[in-house]
Structures are given as C-alpha cells and as structure tokens.
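The values are calculated or read from the model by the stated rules, or taken from the named source; none is laboratory data. It should be emphasised that the depicted structure is a prediction, and the values quoted were computed from it without experimental measurement. No Cβ is skipped: glycine too gets one built from the backbone with ideal geometry, and neighbour counts run over all protein chains shown.
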C-alpha cells in the first residue's frame, strides 16, 4: 500500500459509509484508567487521529479544558462538536498530523499509529518528539500482532516498538495491557514514553 493511499479522502469515505469498526463508542478502558490518575487539569493534551474521540469527551467532562482533538477527516470532528457542544471549535483541529505545529504536555495515542502506513512510523516518532514539550509524555496503546501488508489496522511487536521509540523517548512503560476491552484482549500494549532532556536536545538538532 502506498503511503498516500490512506489519505483524507479515504478516511472521509470510511466515515460517510459508517465503516468505522475501530469505534467502540466509549473511552478505551486502558486510556480511561490512565486519565483517571492525571491530577493537573491544566495539561495541554493532544489526541491525534482522534475520530469520534470518546477519550477527549471524557477528558473535557473531567475538567481538562486544554484538550485538543485532531483528525484529517472532517465528519468525526463534526460529530464530536454535536455530541460535546461546549467544546471550543478552536480546539478541534482539521489538519494533517504531520503538518501540525505546537507544543503539548501530553499526547494520547489511540488507534492512530495503527491506521498510518507503516512506512511513516519513523516520521510519526520524530513528529511526536517535535510536538512534545521537554519532559512531556506520549502515552496510549499499540496493537500487538504481526505486521502484514494488509491493513489498516497495522500491527507490530514490542521489540519493534522498543527499537523505534527508544531513539526519541525514554521508555517508561511498554507492556501488555491488562484491562483491554474484550475484543482486543491479548492484542494491545500499553505504553508511556517520556521526552527527557536528552531527547529534547536531540530534537533541536534533528
């Protein structure tokens, strides 16, 4: 699959046809558990490739008013605004992730990485490092099943992820998710990556 095949048109057509099998209709349990232990509601949080983003709705209702939702497709952003009318339009970002600029304290990953062409994974890691403030975090879920040409979703392994992200982050946690939803049990890895000072300096040079 060419890296450009999974473009804006492709994703908008999926939403328009309601072919959104990744949409579970509520916050993913591992991410909800992670969000529940966050104390600082002033954190500037980004959820890229967010889709209908039940995690963003959960954050917003929990007082995290500095949450940003990004998607290359317009329909899920429109659906989100109807569902959460108090959410500021300025924090709904209709952008290509790789063209986004800004700095965040926390980025949450949920079915975005696996939706990208695998040829973009190095670029994804670089961009995440670029978007995070020093000592900020990238946290969320990766799928854990063999990477094949068919997809999305595209899989991968703990070893592959470790090698890739260790170049850009301090790997604080990368382990089997113990509280995945039933349909994904045994196929998810939960992770927390820190952008340490050494990686902040690396990013300035890259």
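Identification of helices (runs of 4 or more DSSP H) wholly contained in the range 25-83 with 3 or more residues that are surrounded by fewer than 16 Cβ atoms within 10 Å (Cβ to Cβ) yields 74-83. Flag not set for residue 159, criterion: surrounded by 14 or more Cβ atoms within 10 Å (Cβ to Cβ) and modelled with pLDDT of 95 or more.
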